[in-house]
Amino acid sequence: MEPLKLETDSLRDAAAHRHLLYGTALCTSDLTEKRRCDTILRECSIITPEYEMKWDRIGGADAPDFRASDRLVAFAVENGLAFHGHTLWWHESVPQDLGEASDARFAEAAMEHLTRVVRRYAGRVYSWDVVNEPLETDHGRRDGLRHSRFLRAFGPTYLEVAFGRAAEIDPEAVLVLNEMGLEYASPGAERKRRAMLALLERALARGAPIHCLGIQSHLDAADQPRRHPELRAFLREIDGLGLKVMITEMDVSDQNCPRDRRLRDGMVADTYRAYLELVLEESRSLGVSTWGLSDDRTWLATARKRPDGAAVRPMLLDRALRRKPAWHAVKSALLSARNPDGGVEPAFPKGKIN
Ligand code: XIL
């Protein structure tokens with residue numbers, strides 16, 4: 001008998017072997033380049049709109065513009081990819097014209113937006129980032145909630161409102177609470193982890209349909225600890241609450257690494273590997289998404305410039321779309337995942353997309 005051959009020459013296949021999804025953030029301009037599009041299709045089983053589904057992009061009630069997000073959802077459906085809807089309520093993507101709105105008007109507009117977007121794509125979206133970045137422990141509240149328009153308009157149970165409404169309209173989707181800065185080793189990150197656990201416990205006890213914690217995972221190769229007992233403990237507690245985990249926006253900044261390219265690539269790759277091995281060992285994960293695929297398409301080129309002016313190299317592929325050490329590191333971490341029963345079916349998770 002022929003020995004079973006593991007087809008793992010893509011991250012998509014490597015992830016599928018552990019019942020995980022692997023994917024990237026993208027925008028409509030990526031689809032206009034054949035090579036980039038082919039690379040996405042080869043490597044990915046899930047995609048996330050980098051910005052074209054955000055509230056300020058779609059716009060307000062009078063003239064919502066769904067052209068870009070329609071295109072991305074259609075691309076996913078046509079190609080059998082899972083789609084991660086990013087993001088419904090985020091303090092940074094509130095449309096400008098609501099800046100001066102009363103709390104009552106804001107609450108109405110926020111509900112309208114959430115309802116409209118979820119209704120439009122229900123059944124075609126695998127998962128929704130329902131609320132993004134609700135915590136800011138420096139804002140001085142005991143519950144760690146960020147002072148945002150959502151908090152002001154709805155009060156501290158606004159997450160329950162958002163998740164409840166999303167579940168009503170799209171009961172099949174995985175509903176994700178997405179957060180940044182849970183990953184680091186600083187005392188601030190530990191405070192955020194504690195606040196997140198307390199928030200989730202409260203919301204779940206009141207019946208909020210939160211299924212999954214999204215951990216953004218924007219890391220720094222010079223800063224991220226290889227061993228991280230606090231993060232391990234946190235993930236075990238998340239698992240104890242019955243929640244799945246998704247790595248939603250991973251990238252590894254090389255801003256503070258030495259200039260030597262091989263050294264830099266090595267540090268970035270090691271960071272991907274150590275971090276993913278840890279998270280995939282301690283959680284029932286649905287998948288891993290990186291915030292882009294290649295070094296020429298990354299928000300870090302502006303958000304985390306290097307002091308020496310060298311081009312940043314935080315992604316899995318280089319500017320010519322060739323695989324870097326980080327690609328191999330992610331592949332090996334995906335293959336090492338234990339992922340007992342938590343993951344998705346190896347093929348498309350919902351069986352809904354034809
Ligand atoms: C960033 C995008 O990459 C940028 O193109 C955009 O201008 C701003 O947002 N956390 C998030 C993402 O949840 O939506 C952010 O994406 C990166 C940080």
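Of 164, 127, 279, which is farthest along the charge dipole of the chain in the positive direction, counting Lys and Arg as +1 and Asp and Glu as -1 at C-beta?
So the residue we want is 279.
On the Cα set of the chain, report Rg and Dmax in Å, please.
Taking only Cα atoms of the chain, I get Rg and Dmax of 19.6, 71 Å.
Please list, in order along the stretch 284-300, the HN-Hα scalar couplings obtained from phi with the Karplus expression 6.51 cos²θ - 1.76 cosθ + 1.60 (θ = phi - 60°), rounded to whole Hz, x for Gly and Pro.
Values per residue, Gly and Pro as x: 8, 9, 8, x, 10, 10, 9, 8, x, 10, 10, 5, 8, 10, 9, 4, 5 Hz.
On a full-extension model of 0.36 nm per residue, what is the gain between residue 67 and residue 143, subtracting their alpha-carbon distance, rounded to one decimal in nm?
Difference between extended and current length: 23.5 nm.
Considering only 74, 90, 109, whose Cα is most displaced toward the positive end of the charge dipole of the stretch 55-112, charges sitting on Cβ of Lys, Arg (+1) and Asp, Glu (-1)?
Of 74, 90, 109, it is 74.
Rounded to the nearest percent, how much of the accessible area of the chain (1.4 Å probe, protein heavy atoms only) is carbon and sulfur? Intermediate values should be presented prior to the final figure.
Numbers: 7260 of 14990 Å².
Carbon with sulfur: 48 percent of the solvent-accessible area.
Given a cut-off of 26 Å, name the pairs among 34/244; 54/244; 34/324; 192/244 whose C-alpha atoms lie farther apart than that in the structure shown.
Details: 34/244 34 Å; 54/244 24 Å; 34/324 21 Å; 192/244 18 Å.
Result: 34/244 exceed 26 Å.
Taking Cα pairs under 8 Å and at least six residues apart, what relative contact order does the stretch 187-316 come out at, in percent?
Numbers: 167 pairs, mean separation 35.9, N = 130.
Once normalised by length, the contact order is 28 percent.
Tally Lys/Arg at +1 and Asp/Glu at -1 over every other residue whose Cβ is under 13 Å from the Cβ of residue 55; what's the total? Could the numbers behind the result be given before it?
Working: positive: 54, 57, 116, 149; negative: 52, 56, 65, 92, 97, 112, 129.
Once positives and negatives cancel, what remains is -3.
When the dipole is taken about the Cα centre of the chain, and only Lys, Arg (+1) and Asp, Glu (-1) are charged at their Cβ, what size is it in debye, to the nearest 20? Display every interim value, and only then the final one.
On the way: 52 positive and 54 negative charges, 107 e Å.
Using only the charged Cβ atoms, the result is roughly 520 debye.
What accessible area per residue comes out for the chain, rounded to a whole number of Å², with a 1.4 Å probe? Could the numbers behind the result be given before it?
Working: 14990 Å² over 354 residues.
Accessible area per residue: 42 Å².
Would you give the gap between the C-alpha center of the stretch 267-302 and the C-alpha center of the stretch 199-247, rounded to a whole Å?
15 Å
What three numbers, in Å, describe the spread of the alpha carbons of the stretch 207-329 along their principal axes, ordered from the longest?
If we take the Cα atoms of the stretch 207-329, the spans are 49, 25, 24 Å.
Roughly how far apart, in whole Å, are the Cα centres of the stretch 114-166 and the stretch 8-80?
Here the answer is 22 Å between Cα centres.
So if we plug the beta-carbon distance of residue 78 and residue 51 into 1/(1 + (r/R0)^6) with R0 = 30 Å, what FRET efficiency do we get, rounded to 0.05?
Details: r = 21 Å, r/R0 = 0.71.
Between residue 78 and residue 51 the formula returns 0.90.
Spin-label point model (7 Å from Cα, Cβ direction): what's the residue 303 to residue 103 distance in nm?
About 3.1 nm, to one decimal.
Stretch residue 115-residue 259 to full length: gain in nm at 0.36 nm per residue minus the Cα-Cα span?
Details: separation 144, 0.36 × 144 = 51.84 nm, distance 4.79 nm.
Extra length from residue 115 to residue 259 when fully extended: 47.1 nm.
Relative to a virtual label point 7 Å from the Cα of residue 205 in the Cα→beta-carbon direction, which members of the stretch 172-189 show backbone nitrogen distances below 17 Å?
So the set is empty, nothing qualifies.
What does the extension gain come out to for residue 239 and residue 168, with contour length at 0.36 nm per residue minus their alpha carbon separation?
23.1 nm
Angle between the Cα long axis of helix 325-336 and the longest principal axis of the chain, 0 to 90 degrees, nearest 10?
80 degrees
Once both axes come from the Cα atoms, what is the angle between helix 187-205 and the longest principal axis of the chain, in degrees from 0 to 90, rounded to 10?
60 degrees
Please report the antiparallel percentage of the DSSP beta bridges confined to the chain, to the nearest 5.
Values: 2 of 37 bridges.
Percent antiparallel among DSSP bridges in the chain is about 5.
The values are calculated or read from the model by the stated rules, or taken from the named source; none is laboratory data. For clarity, every value in this text was computed on a predicted model and none was experimentally measured. No Cβ is skipped: glycine too gets one built from the backbone with ideal geometry, and neighbour counts run over all protein chains shown. To get the accessible areas, we keep the full protein, side chains included, count just its heavy atoms, and leave off ligands, DNA and RNA. Shrake-Rupley method; radii C 1.70, N 1.55, O 1.52, S 1.80 Å.
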